[in-house]
1. What full-extension length gain, to one decimal in nm, is calculated for residue 332 and residue 85 as 0.36 nm per residue of separation minus the Cα-Cα distance?
2. Angle check, please: helix 31-44 long axis (alpha carbons) against the longest principal axis of the chain (alpha carbons), in degrees 0 to 90, nearest 10.
3. Taking the Cβ-Cβ separation of residue 317 and residue 275 as r and a Förster radius of 22 Å, what is the calculated FRET efficiency to the nearest 0.05?
4. How do 77, 346 line up, fewest other C-beta atoms within 10 Å first?
5. Using the number of other C-beta atoms within 10 angstrom as an exposure proxy, rank 395, 292 with the fewest first.
6. Okay, helix-only estimate at 222 nm for the chain: each DSSP H run of n ≥ 4 adds -39500 (n - 2.57), divide by all residues, round to 500 deg cm²/dmol; what do you get?
7. Could you bin all the Cα-Cα distances of segment 213-321 into 10 Å bins starting at 0 and give me the percent of pairs in each, rounded to whole numbers?
8. Pulled fully out, how much extra length does the chain show between residue 25 and residue 238, if you take 0.36 nm times their separation in residues and subtract their Cα-Cα distance?
């Protein structure tokens with residue numbers, strides 16, 4: 001056994017929740033609590049250059065121990081923050097050893113139940129050790145499972161010099177959950193040729209494709225006047241925003257009505273008063289063309305609604321968030337091929353998948369670091385039912401070690 005379990009249980013008890021409304025970077029200072037600990041632990045393992053920069057990124061290097069000089073530099077990356085959707089404070093991790101396959105009732109809120117027939121991959125874990133929170137918080141496996149796995153793999157490589165590898169870079173990012181995980185990363189300082197985020201779900205998962213993503217902000221300016229004398233004058237921006245939201249398709253193009261390669265239009269924030277309202281959306285599709293179609297549809301809905309309010313105006317702003325990393329990864333087939341070899345070496349069949357979301361790897365790929373996503377074993381993300389198995393985390397450590405070897409051997 002590696003140190004992954006001990007590390008994970010310690011890391012999840014540190015609150016690192018990020019904040020999408022914050023303008024600071026990282027968005028919450030408490031993310032640094034875990035990042036500082038990781039630096040101390042890496043330095044304790046003898047990683048001399050491990051440090052936390054002014055933006056909250058952890059950088060570290062495991063020097064090559066191979067005689068070969070042409071081995072590409074590989075980076076393993078995970079994020080330290082947890083989702084803003086559910087509290088990450090005062091997490092009480094519980095290890096359900098040798099799980100027998102029955103539903104798991106979380107003790108601090110018995111209404112929170114891990115039901116075998118409802119949670120992906122849980123039925124495959126009988127006999128394994130399942131880790132959950134106690135029912136009132138998320139667990140933090142997304143992405144502290146990945147953090148613990150990278151740390152445990154680094155410890156293994158350092159203490160087993162017979163395992164040959166090239167130079168390995170470690171990167172721990174803040175604010176991935178609020179879409180800012182790579183905003184201030186320094187790829188020149190990182191100095192890697194290829195990377196892998198360790199932030200996936202089931203064992204064997206290898207994800208080389210993500211959504212492409214845009215954000216849309218609609219700012220509506222209505223006509224305000226005293227409600228007692230408003231006849232023929234008032235055009236309420238709140239009602240205009242409500243009409244726009246009500247006009248969205250009811251049975252398609254939303255997260256709750258789509259799956260697989262289907263994209264969506266999703267309102268995420270509304271704020272305003274009678275005179276002015278801001279409505280924010282996220283737009284998702286696997287192609288840039290699909291994104292444009294959905295943005296055009298939303299613009300048409302807005303225009304149709306505004307036709308009923310002749311004195312009101314609106315501003316429609318689109319901001320690119322990230323793009324489907326498959327465009328980049330298809331140009332670097334060895335990144336995927338080596339991951340497949342590593343998984344096969346560990347007795348796994350690689351499971352190629354597309355992510356209905358994004359990772360730090362999406363942006364890193366377009367910034368010049370081709371970076372698919374490999375499994376960390378995390379499940380039921382962003383919920384109080386979040387869980388991971390010890391055995392899956394151990395297998396992820398094994399794959400990281402094997403992947404380091406494969407790159408050395410293939411050089």
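1. 85.4 nm
2. The answer is roughly 10 degrees.
3. 0.70
4. Ascending number of Cβ neighbours within 10 Å: 346, 77.
5. Details: 395 21, 292 14.
Starting with the residue having the fewest Cβ neighbours, the order is 292, 395.
6. Result for the chain: -9000 deg cm²/dmol, rounded to the nearest 500.
7. 15, 45, 27, 10, 3, 0
8. 73.5 nm
Just so you know, all these numbers are worked out from the coordinates, no wet-lab data involved. The model shown is predicted, which means the values in this text are computed figures rather than measured ones. Here Cβ is always computed from backbone atoms with ideal geometry, including for glycine, and neighbour counts include all displayed protein chains.
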